[in-house]
Amino acid sequence: MIEDLEPQSDTRLSPLREGNISQRILTIRGHRVMIDADLAEVYGVPTKALNQAVKRNANRFPVDFAFRLTAEEKAELVTICDRFNRLKHSAASPLAFTEHGVIMAANVRIGF
């Protein structure tokens, strides 16, 4: 089950183009995660480049750092989050990054 978390009032977080980073955090499989498209936006890279970097460095992303959503989770995500409507017609399921995965993604070379 996917749940949107209530925005947290942490004034240390600077606004991210269209909203606060805390508004991009979801709970999936009992983990607080960011979806690959949101994380790519945070890092200012295309989602495809982020996913390629993760694939090249798969050994650095065990299942407790990042996991691929199931078809059911993807469908639920599209239903509850308007910003993911573009996933409706995509064959690929997005990656979900836990807190450790977000930090690891910052430490891998993401090319264009």
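The values are calculated or read from the model by the stated rules, or taken from the named source; none is laboratory data. From a predicted model like this one, the values you see are computed outputs, not experimental measurements. Don't worry about glycine lacking a Cβ; one is built from the backbone with ideal geometry, like all the others, and counts go over all protein chains shown.
Values for this structure:
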| quantity | calculated |
| --- | --- |
| Residue list for the range 43-96, filter: within 16 Å of residue 25 (Cβ to Cβ) and at pLDDT below 90 | 43, 80, 81, 83, 84 |
| Selection count, the range 71-112, where residues are of a type in the set (Ser, Thr, Tyr) and more than 14 Å from the chain's Cα centre (by Cα) | 2 |
| Within the range 1-37, tally of residues that are within 17 Å of residue 75 (Cα to Cα) and either modelled with pLDDT of 90 or more or among the charged types (D, E, K, R) (or both) | 11 |
